[in-house]
1. Checking Ala95 against (1) over 14 Å from the mean Cα position of the chain (by Cα); (2) modelled with pLDDT under 90; (3) surrounded by 15 or more Cβ atoms within 10 Å (Cβ to Cβ); (4) part of a helix (DSSP H, G or I), which single condition isn't satisfied?
2. Select from the stretch 108-161 the residues that are hydroxyl-bearing (Ser, Thr, Tyr) and modelled with pLDDT of 90 or more and write down the one among them that is surrounded by the fewest Cβ atoms within 10 Å (Cβ to Cβ).
3. Is it the case that the stretch 39-50 has a residue that's part of a loop (DSSP other than H, G, I, E, B), touching a helix residue (DSSP H, G or I) at 6+ places or on another chain (Cβ under 6 Å) and not basic (Lys, Arg)?
4. Restricting attention to the stretch 162-186, which residues are at pLDDT below 75 and outside any strand (DSSP E or B)?
5. Has the stretch 74-82 got any residue that is at pLDDT below 90, part of a helix (DSSP H, G or I) and at negative phi?
6. Which ones in the stretch 83-92 are touching a residue at least 60 places away in the same chain (Cβ under 8 Å) and either assigned to a helix (DSSP H, G or I) or not hydroxyl-bearing (Ser, Thr, Tyr) (or both)?
7. Give Thr68, Thr79, Thr101 a once-over and let me know the one that is farther than 26 Å from Pro45 by Cβ and either surrounded by fewer than 22 Cβ atoms within 10 Å (Cβ to Cβ) or in contact (Cβ under 8 Å) with a residue 40 or more places away in the chain (or both).
Amino acid sequence: MSSSLAFDFLSPRCQLFHDYWWRLKESSEQIVPHKSDFNPAAIKPVLPYVLLHDLTIPGKSLLRLVGTAIVDRMGIDATGRDYLDFVSPERRDKAYHHLQTTSSLPCGMRVVIEGRYQSGRVNVSETVGYPLEATGEAPRFMIFVDDIVETMEYQDVSDKQLEYYRVRRRDYIDIGAGIPTVKPSE
């Protein structure tokens with residue numbers, strides 16, 4: 001089975017990760033490959049841009065892996081923290097809903113996100129994510145590659161603390177189990 005995406009990736013890194021995940025899926029002969037089958041060495045060029053979300057605790061999305069490029073962008077290592085702490089308060093429930101929906105359906109998700117930092121820096125990043133089965137556990141992990149595709153403003157290197165994320169676009173990717181019935185903009 002191969003992906004039938006109706007859009008082109010903005011980021012070559014997202015495309016590389018997408019291609020790897022689909023090869024992993026095909027070789028596993030399952031809708032969702034196991035987390036233990038994931039080989040980081042196979043996508044070495046995109047590892048600095050990887051985020052691994054652990055959805056085993058209801059209402060939380062713990063970041064189990066945060067790549068060095070993302071750490072540099074955020075100004076902190078968010079490994080072990082709840083991803084929702086970095087989402088604007090009015091969007092937290094929706095953000096969690098989308099993560100939980102994509103992991104449980106399961107399906108993939110591509111999001112174009114605007115992130116503003118306290119310094120005034122605004123980046124647009126493309127993020128693509130797919131589920132990974134947690135062996136022996138019902139909840140799945142979601143693994144994403146998040147790559148900057150546009151820098152809109154930049155004022156000061158010294159303050160990188162993330163101020164908010166705003167979703168510009170969300171697309172679901174059918175991996176063989178369908179896609180959510182909610183509109184991507186919700």
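The values are calculated or read from the model by the stated rules, or taken from the named source; none is laboratory data. Remember, predicted model here, so these are calculated numbers, not experimental data. We place every Cβ from the backbone using ideal geometry, glycine too, and count neighbours over all the protein chains shown.
1. (1)
2. Applying the filter and picking the extreme gives Thr127.
3. no
4. Val182, Lys183, Pro184, Ser185, Glu186
5. yes
6. Phe86, Val87, Arg91, listed by residue number.
7. Thr101
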